[in-house]
Amino acid sequence: SLLGYTPYEVEKYFSEFLSRAAKKLCRNKDELFTELINRYDGFCFERSASTRFFSPWSLLQFLSSPENGLIDYWFESGGRPSVLIEY
């Protein structure tokens, strides 16, 4: 939990941001939260981890500009690796 946000923490501390984002994207808050979990909640450090975390970079980037949609911010932050693009 040191390097990411749990779903509980996102709902507790970012509730107002989630509401604003849902409004901008014409979705209800629960629907948006489910989409965020599917997109950004999967950050962990070992295969057997029982708790997964939201990627802080991706979540915060989304919440700062929700009108841009659910983008793969982690991919964009590291430049465009040619191996992945060609694949």
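Values in this text are rule-based calculations from the coordinates and carry no lab data. Computed from a predicted structure; not experimentally measured. Don't worry about glycine lacking a Cβ; one is built from the backbone with ideal geometry, like all the others, and counts go over all protein chains shown.
At a glance:
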item	result
Length added when fully stretched, ILE37-GLU11, from 0.36 nm per residue minus Cα-Cα	8.2 nm
Label-point gap, in nm, between ILE71 and LYS29 - each point 7 angstrom along Cα→Cβ	2.6
ARG20/THR51 FRET efficiency (R0 22 Å; Cβ-Cβ; nearest 0.05)	0.25
Radius ratio Rg over Rh of the stretch 7-86, counting only Cα atoms, Kirkwood formula for Rh	1.01
